[in-house]
Each structure stands twice: as C-alpha cells, then as structure tokens.
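Notes to accompany the following structure.
FYI, it's all coordinate maths here, none of it is from the lab. In this text the structure is predicted, and so the values were computed from the model without any measurement. When we count neighbours, we look across all protein chains shown, and the Cβ atoms used for this are built from the backbone with ideal geometry, even at glycine.
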Amino acid sequence: MIQLERVTKTYPKASRPSLDDVSVSIEKGEFVFFIGPSGSGKSTMIKLLLHEVTPTKGKVLVNSKDVTAMRSWRIPAFRRSIGCVFQDFRLLPNRTAFENVAFALEVIGKSKAVARRVVPEVLELVGLGGKEHRYPQELSGGEQQRVAVARAFVNRPLILLADEPTGNLDPDTSIEIMRLLDRINRTGTTVVMVTHDSNIVNQMRRRVIEIEGGRIVRDQPRGVYG
Amino acid sequence: MMRVKYVLTEVLTGLWRNVTMTVAMIITMAVSLTMLGAGVLLYWQVNEMETFFNTKVEVSIFLRTDVTEEQRNGLQSDLKADPLVREVNYESSEQAYENFRKLYADAPDLVESVKADTLPQSFRVKLKDPQQFQAVSDKYRARPGIDEIVDQRQLLGKVFGILNSMQNLALVVAIVQGVAALLLVANTIQVAAYSKRREVAVMKLVGASNWFIQAPFVLEAVFAGLIGSLLAFITLVLAKWLLIDGSLKSLASLLTPVPWSRIFLMLPILAGIGSLISAVTGWITLRFYVRV
C-alpha cells in the first residue's frame, strides 16, 4: 500500500537530512504508529505521502503509484484517495459540522444530493449524530477532531494519515479518538499515525516505527512507546 | 452545474468582501482601457486621414506676376509630361479670386480689400506619390517665372503631428494606468487568497482540482476587467457624442468622421484585452506568488 524506497529528504538550507535513506513498507489494512522526538522526521513522512514535499532521493509509492514521478495536475485526484487529520483540526470556522464535511465533497464535484445522503451517515459513524448544525467553536476539542475525522473519511479513502491527532486533546478524549481511528482501520482503511503520546501507543499495541535523526531505529509489529 | 454555482457565488462574495479594492481595480482598469481605446481610435483615424488627404493634397506652384505666357505654357507642358505628376490644373488670378471670395464669404471686408489681380496665378499639381514633393520642387524651383512652390502636406503635417502626439499620450497613459491596474489585480488576488487561506488549504487537502481552487480568484479579476472595459466603452461613447459630434463638430471638415461602428467595435476589443490581461495576471499571481 505504502512503500518508501531508500528515501532521503533534505530541506533547502538544512544542514542534515530530515529523513536519511529510509525504507518502509506498509501493507493494506495496517495500523502504523510513527514515533520519535520532535524534529526526528516524522512529519516529513506525512508530507511525503501527501506529495506536499518531494524526496531529495529515493522513491515513494502509494497505492502502487510512484508519487515522486507524478505530474502536478494528477496530485488532486491522488489526494482524494488519502484522508488526513491534523493536531489543529483545520476546520472552517464559519461552517457547521455538516457543512465542513460536505465542503470536502462539494469541492471535488459531488452533488448536494450526495452530500445530504452521505454526510449524516459519516457524522453518525464518528459519534456526532445530532450535532450536525453546530459550529466548530460550539464543539469541544474532541468533537472538533471527530468532525475532522469525518471529513477525512467521507470520501472512503484507502489511507488515513493522522499527524498527532490527539496532540490537543486530554487523555480521555484522546482514547475516544483512537477508538474511532481503530474502527475506521477495521473497515480496511490503512491508518498511519504520527504521535508523541506514549499512553496511546502502549494501549493500542500496533506496529510501531521509531524514527530518530531521520533514520528508523525500531520497527516492531506489536510495539510499545519504549 | 453545482460547481459552476459554487464558483460564481465565491466570485461575488470575494468581490464584495474587498469592495474598496474592487472599485479601485475597476476604476484604474477603466481609465487604462479608455486611453487604450482612444489611442487605437486615433491611430485608425490618423491612418485614414493620411490616405484621405494624400489623394486630395496638392502641390501649388505660384507664378510670378510678371510671368510670360511662353514660360507658363512651357511649364504646363513639362508638368504634364512629368512621370511624377498625375494631374495638372491651371488656376488663373480670376479663379483664385472666385475661390477666395467663396472661402471668405462671411468676411466681406476682407474680400473687398483684395483685388483679383493681386492674387497670383498658379498650377495645382497632384502627384502620383505625394511623398515625392521634394523631387518635384527641386526640379522646377529654379525655373523662371515661378514665385513659390508650396506642399500642402507640410501644412497637414502639423495637424498630423498634433494627432500623433495625442495618440502617443493616450497610449502612455494607457500603459501607466494599465501597470497600476495589474498591480491592483495582483494585490486584490493576494488579499482574496489570504482571506480564504483556510478554505484553500482544506480544498488542497481533500483533492479539489487546481482549476476549481483557482477559478474564483481568476474570475474575480476577469469580472473587474469586464466591468472596467464596459466603463471605458461608455466613456468612448460619451466622448464621441459630446466631443466629436458636439463641441468639436466645427472641425468635422478637417477630421474625417469617426463612425459609430468603430466605437462599437471597441467594446469587444477592450473587453477581450481587459479580461484576458486580468486573467493572466491573476493566474500568474496565484501560481508564482501565492502558490494556491
């Protein structure tokens, strides 16, 4: 599903590479944690998978497509197969929960009728049934992140990328979000999550890949934070 | 269908959100396009006047009062045989006086004071190529009996000079205002893109196509360009109505008429130029500056 082949990424003006000769293979349906200290290169990993940055060396394959060789006009279509959740939620403040999720459908050309049918379903799935017409500032942090997960999942992506999705949430809320991601993973969606949160990693007991100084120092199938 | 509606709504809210900038953009665009239109109209006009007058323009060979009949006849037959000359007409003092009286009919005092024999007799020569005046002048100037050789084109040259500098001035103003308009377009789009940065980030994240993200911004600029060209067109219509057909009407015999069809032709031209240039500026701003 996701393959990094000897990927090196050096940002312009950086003294050392953010990722240094990294090779990873992630299968369809896996749930993978990327852990490591700040600046270890975890977020670069997400950016590479989204084609926000291109590797200096090496190949990135997503859905067996070579992302590095992809023409820029194909990137939008490619991103539709990937859902994305961030620490800061990235919701539109002037739109309700329903509208935020529907927006993701509308801007890729789905009709209003499709949105009316699909959005309540997915909001129900993330546990926000009945709160469709609340604005983000009327929702708690955990609820906002649920909206973001709903938006990422509404197009039924093959891959869900989560960049520290619990970074702004208290432990209990974090666990709820993790249950949600776990449920999404059980539908067959590959989940890749970057995190600092040792509690969560230890509880989930999923594959853990630890990065330090741009290199993979550990890759355990049912790992803990360590 | 629904995407079209979305884009149009975005364009209108975008223009309204930033209404002072939109107005500034439209005004500069209108001034620039008016000047461009005026410049183009003047250019056509001057060209047309040049061909018009070149067919009419004459070289006048004024004869001395003491010219002999022999000298005059010799000159006439030489002129008729000259390959540079298309047509030769003799104008006697009496005919000159007739013309003079007609021309100054509204100034009888002046006509009174001039006697028929004080006006010189002359040959009115039309050249095959009006540019060849110097050659003709050099050939005949030294001949006895000739007082003066006058090229009417030189008189017209001054008029054309004025028209040409008006045209250049209009084009310079058009360019300067055009640059200002483009900078305003670029600025407006930057502001618009900034105020919609969250939406744009989400759209990119969920894989909205590039044209869909960029279209509202580019169309805002195109819309301003179209309104600007419409205002410019209205200004040109008013100029034709109030100036050319109004207060400058007395010059109508000198200036060839500016037909309405030509004014109307300026609408599609200005609209095309205005919207195309705004669209390109908008697109370049997005692509290279804002990176939307």
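How much FRET efficiency would the formula 1/(1 + (r/R0)^6) give for residue B:287 and residue B:55, where r is the Cβ-Cβ distance and R0 is 60 Å, rounded to 0.05?
Plugging the Cβ-Cβ distance into 1/(1 + (r/R0)^6) gives 0.70.
Bridging of residue B:115 to lysines at a Cα separation below 17 Å is possible for B:102, once same-chain residues fewer than 8 apart are set aside.
Straight-distance candidates among the lysines for linking to residue B:80, with alpha-carbon spacing under 21 Å and chain neighbours fewer than 8 residues away dropped: B:56, B:126, B:128, B:139. Model label points for residue B:238 and residue A:15, set 7 angstrom from Cα along the Cα-to-Cβ axis, are 6.6 nm apart.
With neighbour counts taken as other beta-carbon atoms within 10 Å, the residues B:31, B:172, A:154 rank, fewest first, as B:172, B:31, A:154. Projecting the Cα atoms of B:208, B:180, B:4 onto the charge dipole of the protein assembly as shown (Cβ charges, centred on the Cα centre) puts B:208 farthest toward the positive pole. Between the beta carbons of residue A:71 and residue B:158, assuming R0 = 56 Å, the FRET efficiency works out to 0.35 to the nearest 0.05. The angle separating the long axis of helix A:141-153 from the principal Cα axis of greatest extent in chain A is about 80 degrees. Bridges between two residues of the protein assembly as shown, per DSSP, are antiparallel at a rate of about 65%. Relative contact order of chain A, taken over Cα pairs closer than 8 Å and 6 or more residues apart, is 27 percent. In chain B, helical runs assigned H by DSSP with n ≥ 4 each contribute -39500 (n - 2.57); averaged across all residues and rounded to the nearest 500, the mean residue ellipticity at 222 nm is -23500 deg cm²/dmol.
Counts of other chain beta carbons within 10 angstrom of each beta carbon in peptide A:87-95 average 2. Applying 1/(1 + (r/R0)^6) with R0 = 41 Å to the Cβ-Cβ distance of residue B:256 and residue B:114, what FRET efficiency is obtained, to the nearest 0.05? For R0 = 41 Å, the calculated efficiency reads 0.85. Modelled label positions at residue A:196 and residue B:194, each set 7 Å beyond Cα in the direction of Cβ, lie 3.0 nm from each other. The count of lysine pairs in chain A with alpha-carbon distances below 21 Å, taking only pairs 8 or more places apart or on different chains, stands at 19. Here chain B yields Rg over Rh of 1.26, to two decimals, using C-alpha coordinates and the Kirkwood radius.
Fully extending the segment from residue B:165 to residue B:135 would add 8.0 nm, taking 0.36 nm per residue of separation and subtracting the current Cα-Cα distance. The simple spin-label model puts a point 7 Å past each Cα toward its Cβ; for residue A:113 and residue A:217 those points are separated by 5.7 nm. The long axis of helix B:93-103 is offset from the longest Cα principal axis of chain B by roughly 30 degrees. Rounded to the nearest 10 degrees, the inclination of helix B:260-284 to the longest alpha-carbon principal axis of chain B is 40 degrees.
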